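So the structure is just underneath, and the comments pick up after that.
The values are calculated or read from the model by the stated rules, or taken from the named source; none is laboratory data. All of these numbers come straight from a predicted model, not from anything done at the bench. Using ideal geometry, Cβ is built from the backbone for each residue, glycine included, and neighbour counts are taken over all protein chains shown.
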Amino acid sequence: MAVNFVLRTSHDKGMATLFARVRSRKLKIDFKVDTLVEVDIEQWKKAQSSADNLRKFRKSAEGSKLFSKLDILETSINARLDAGDVITPDIARKIVEDVMYKEVREEEERRLLEEEAKAEAERQRIEAENRMTLDKYLKLYVSQISAGQRANSRGKIFTEQSIKTIKTIVRQFEAFEKYSKKHYDFDDIDLNFRNRFQTFLYTQKKYSANTVAKCLNNLITILGCAEAEGYTSNNKFHDRRFRGVRVDVDSIYLTKDELRRMCEVDLSGLSKGHEIARDIFMVGVYTAQRVSDYNNIVMDDIRVYDDGKVIIQIRQQKTGVAVYIPAKPELVKILEKYDYKLPHLVDQKINMYIKEIGKLAKIDEMVEVETSKSGVFGTERIPKYKLIQTHTARRTGATLMYLAGMNVFNICAVTGHTSIKSLKKYIKADSLQKAETILSDEAFMKW
C-alpha cells in the first residue's frame, strides 16, 4: 500500500499538475487523482532525483509549503488504506479537496466570520444610533415643544416661559451628567438618581427648594411622555418620593391699606421705571392674573363700552383659558394714564422696583416664611416688603376679592382657576372659610 506523487507530462520545463498515485495490492486498486497542485517540472524532477535533493527541497520555503500539504494528503489516504476502507477515485478526490482546500476554506470561514462580525457591529451601531436614549429624548422633547410640534397636558402648545423652564431643566440634567461623569439612560432613573440629582441642584447650583421641585416634577412629566410613547418601561419615577418638595415662600398678599400706602409713595426722586413698575403691579392686582399675562396687556385686549365700562379679555399664556375681567375704576384710571397702551418691563425690574417701593411704604412687618438652604428646611422672619414680587399681585387680587365677599365661582372666572379647591389653596387669608359661603356678586366693586 502506498501513495506517491507523480507528474503526467512529456514536457521537461514549465508547470505541470501533480498527481497522487494510490495503490493497494490487497484492495486491488491503482489510480491517480489530481492533487490540485501545480509544480515546476524541472524543480520537481530534480528533487525526486535523489534523497539529498529531496531533503534540500523540503527545507526550502517553497518545498516546505508544498510538502506540508502533500504529507497530510499522503497520511490521510494511507490511514484509509491501512484501515481496509474501500477507497475510490471519488473518495480520494474528496480527501484531496479537504486537504488542499483546507487553508482556503479556513480563510473563507475567517473571512465570513469577519464579515458577519462587521455586519453585526454595524447592526448594533445603527441600532444604538437609532435607539432612543434619555439624552436623545430630552433633546427631541425640547425641539418639539420649541417648534410647536408637541402639546402640553391641556392640548395647548407650550408657552415661551414653559419652553424656557424646560430648556433650563435639560441643561441642568446635562450639567449633572458632566459633573457625575456618567450618561444616564432611562433604566438608570430611580430614587438613587433622584437623590443625587437633587443634591447636585442644591449644592452645586444653589437652587431653592421650589426650583429643585420644579426641575424634578418637570422631569417626571417628560419621563411620563417617554413611557407613554414606548421608549421606556422603567416606571420607578412614579414613586411618590420621586417628586420634589415645595415650600410656601411666596404666599403673602398685600392688604388694602398696604396697597394704598404703596400707591401714595412719592416716587419723584426715583426713576421712571419705578412708577411704571408700580402701575404694572397694580394692574396685576386689579386683574388677578399671572405676570406673563398682566405685563403683556395690549390694546386689543381692552374693550371700552359706550357706557364707559371696560372689560379686559385675556387668553392666559399658561393655561390657554380665556378670561374676562371687569375693570375697576382704579384699573381704568391706570389704563387711561397710558392711553390704553400699557408699557412693559421685564419681570426682574418689576421685582426690584416694587420691593424698593414696598420699603418706602413701610411694609416692614416681619413675616415668618419657610426656607430651604441646600435642602435643609426651616423658617425665617423677613420684612414683608422683601417678599413682594410680581406673583404677589395675583395672590393679592384673588384674596381681596374673596375677603370682599365676592362669589367664589366668579373669582374663578376672573383668575382662570378651574376649581374652587385650587382657588382655596391659592387664596391667602386668615378668614378663609368654606367655598360654599356665597355672598352677593355686587361685592366685586367693594374690594
May I ask you to list pairs of residues, at least six apart or on different chains, whose Cβ atoms are under 6 Å apart, with the first in the stretch 140-164 being over 17 Å from Ser292 (Cβ atoms) and the second being part of a loop (DSSP other than H, G, I, E, B)? Gln144/Arg150
Mind counting the residues in the stretch 427-447 that are outside any helix (DSSP H, G or I), modelled with pLDDT under 55 and buried (at least 17 other Cβ atoms within 10 Å of the Cβ)? 1
Residue ID - farthest from Leu70 (Cα to Cα), chosen from residues in the stretch 83-108 that are loosely packed, with under 15 Cβ neighbours inside 10 Å and of a type in the set (Lys, Arg): Arg105
Criterion (without any contact (Cβ under 8 Å) to a residue 60 or more places away in the chain, of a type in the set (Asp, Glu), under 23 Å from Thr232 (Cβ atoms) and in a helix (DSSP H, G or I)) met by exactly one of Glu177, Glu116, Glu120: Glu177
Step by step: first the residues of the stretch 247-278, then only those that are within 24 Å of Val367 (Cα to Cα) and among the hydroxyl-bearing types (Ser, Thr, Tyr), then the one that is surrounded by the fewest Cβ atoms within 10 Å (Cβ to Cβ). Which residue is that? Thr255
Report the residue count in the stretch 346-355 for those that are out of contact with any Ser or Thr (no Cβ under 6 Å at 6 or more places or on another chain), more than 13 Å from Lys386 (Cβ to Cβ), of a type outside the set (D, E, K, R) and modelled with pLDDT of 95 or more. 1
How many residues are farther than 24 Å from Ser162 by Cβ and in contact with a Ser or Thr (Cβ under 7 Å, 6 or more places away or on another chain) when one looks only at the stretch 197-223? 1
Can you name the residue in the stretch 301-332 that is acidic (Asp, Glu) and modelled with pLDDT of 90 or more and, of all such residues, is nearest to Gly155 (Cα to Cα)? Asp301
So which pairs qualify, if the first residue must be in the stretch 56-78 and not assigned by TED's automatic domain parsing to the domain that holds Ser24 and part of a helix (DSSP H, G or I), the second must be surrounded by 13 or more Cβ atoms within 10 Å (Cβ to Cβ) and among the charged types (D, E, K, R), the Cβ gap must be under 9 Å, and the two must be at least 6 apart or on different chains? none
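Report yes if some residue within the stretch 298-309 is within 38 Å of the chain's Cα centre (by Cα), without any contact (Cβ under 8 Å) to a residue 12 or more places away in the chain and not assigned by TED's automatic domain parsing to the domain that holds Thr199; otherwise report no.
Within the stretch 298-309 (the criterion being within 38 Å of the chain's Cα centre (by Cα), without any contact (Cβ under 8 Å) to a residue 12 or more places away in the chain and not assigned by TED's automatic domain parsing to the domain that holds Thr199), the answer is no, since none of the residues qualifies.
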Looking at Gly405, Gly397, Gly416, Gly358, can you tell me which residue is modelled with pLDDT of 85 or more, surrounded by 13 or more Cβ atoms within 10 Å (Cβ to Cβ), over 23 Å from Ser208 (Cα atoms) and touching a Gly at 6+ places or on another chain (Cβ under 8 Å)? Gly397
What is the number of the single condition among (1) acidic (Asp, Glu); (2) in contact with a helix residue (DSSP H, G or I) (Cβ under 9 Å, 6 or more places away or on another chain); (3) free of Cβ contacts under 8 Å to residues at least 12 places away in the same chain that Glu129 does not meet? (2)
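Would you confirm whether any residue within the stretch 330-350 is β-branched (Val, Ile, Thr), in a strand (DSSP E or B) and under 25 Å from Glu275 (Cβ atoms)?
no
Results for (1) outside the structural domain of Lys359 (by TED's automatic domain parsing); (2) of a type outside the set (Phe, Trp, Tyr); (3) within 22 Å of Arg131 (Cα to Cα); (4) modelled with pLDDT of 95 or more, shown as yes or no for each residue.
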position	(1), (2), (3), (4)
Leu191	yes, yes, no, yes
Asn195	yes, yes, no, yes
Asn210	yes, yes, no, no
Ala213	yes, yes, no, no
Glu227	yes, yes, yes, yes
Phe237	yes, no, yes, yes
Asp248	yes, yes, no, no
Arg260	no, yes, no, yes
Looking only at the stretch 279-290, which residues are assigned to a helix (DSSP H, G or I) and either buried (at least 22 other Cβ atoms within 10 Å of the Cβ) or modelled with pLDDT under 95 (or both)? Ile280, Phe281, Met282, Val283, Gly284, Val285, Tyr286, Thr287
Tally of residues being more than 20 Å from Thr390 (Cα to Cα) and not aromatic (Phe, Trp, Tyr) across the stretch 214-261: 28
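Go through the stretch 370-426 and report how many residues are in a helix (DSSP H, G or I) and either in the same structural domain as Arg154 (by TED's automatic domain parsing) or charged (D, E, K, R) (or both). Can you show your working first?
Within the stretch 370-426, the first condition is being in a helix (DSSP H, G or I), and the residues that meet it are 384-387, 390-403, 408-415, 420-426.
Remaining after also requiring either in the same structural domain as Arg154 (by TED's automatic domain parsing) or charged (D, E, K, R) (or both): 384, 386, 394-395, 421, 424-425.
Count: 7.
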Candidate set from the stretch 180-216 (those that are among the basic types (Lys, Arg) and under 21 Å from Lys236 (Cβ atoms)); member that is surrounded by the most Cβ atoms within 10 Å (Cβ to Cβ): Arg194
